[in-house]
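Bear in mind that the values in this text are calculations on the coordinates, not laboratory data. Computed from a predicted structure; not experimentally measured. Cβ: placed from backbone, ideal geometry, glycine included. Neighbour counts: every protein chain shown.
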Amino acid sequence: MVKVWDYVRKKIQYQRQFIGKALTIDILRRSELNKGRIFAVGFETGIVRLLNLTDNSIELTMAFKAADAAVKFVRFAPSQTMFVTASAAGEIFFFDVNGHIDLSKCMPICLVQLPDSTEINDLKWSSDSNKILVCCSNGYVYEIEKPNLAHVDTKDSYLIENYPMKAYKIKMMEF
């Protein structure tokens, strides 16, 4: 179930039932076209739903299967030109979107697998929308550049083997 709350009036403004438990949500930055009403929701079933908040309801814009495992994170890039999902199995899926001109555009680019199917704790875009930082439960932080559409070959599969990424190991100081 997805609910939109009016915290001032302390009531549910809109709600809509979907199959599966919603785990994560992100809203597309406000622009003249989207009016801050487009958001993505990731579900335990591996489904991602792009939703539009209208004057009186929540409308489904698009739905797709982003992973076999639960989708733990969905994030729009600050530039509104890229969208990424992260699954419980350590799969990172990049999508080409356009929050400025065509709100219905959401084209898959590529799928990247983290080493050892690492559990992801957090995912953030850089402010210039050129890379993501992925924080994992094993103490590793991965820096992954956004894919260049001209250099990605997905004729056979969206999975890109050995995608380049920087890895940093975070260790707690012992006293």
Gain in length, D102 to V141, computed as 0.36 nm per residue apart minus the alpha-carbon separation, to one decimal in nm? 10.7 nm
Tell me the trypsin sites (Lys or Arg not before Pro) within the stretch 97-175 that lie in a loop according to DSSP and have at most 16 other beta-carbon atoms within 10 Å. K105, K155, K171
In debye to the nearest 20, the charge dipole size for the stretch 2-169, taken about the Cα centre with +1 at each Lys and Arg Cβ and -1 at each Asp and Glu Cβ, equals 800 debye
Pairs of alpha-carbon atoms within less than 8 angstrom and 6+ residues apart define the contacts here; what relative contact order does the chain have, in percent? 13 percent
Determine the gain in length on full extension of the stretch D116-E59; use 0.36 nm per residue of separation and subtract their C-alpha separation, reporting nm with one decimal. 16.8 nm
Alpha-carbon centroids, the stretch 38-65 and the stretch 1-21: separation in whole Å: 13 Å
Fluctuation leader among D96, D55, D68 - the chain, Gaussian network, Cα springs under 10 angstrom: D55
Spin-label model distance (nm) - K155 vs R9, 7 Å beyond Cα toward Cβ: 5.6 nm
Please work out which option in (i) 1, 8, 14, 17, 16, 13, 8, 6, 5, 4, 3, 2, 1, 1, 0, 0; (ii) 1, 7, 12, 16, 16, 12, 10, 10, 8, 5, 2, 0, 0; (iii) 1, 8, 16, 19, 20, 15, 10, 6, 3, 1, 0, 0 gives P(r) over Cα pairs in 5 Å bins from 0, in percent calculated from these coordinates, and answer with its label. (iii)
Taking 0.36 nm per residue of separation between S126 and M172 and subtracting their Cα-Cα distance, the length gained on full extension comes to 14.1 nm
If you filter the stretch 28-73 for trypsin sites (Lys or Arg not before Pro), then keep DSSP loop positions with at most 12 other Cβ within 10 Å, what is left? K35
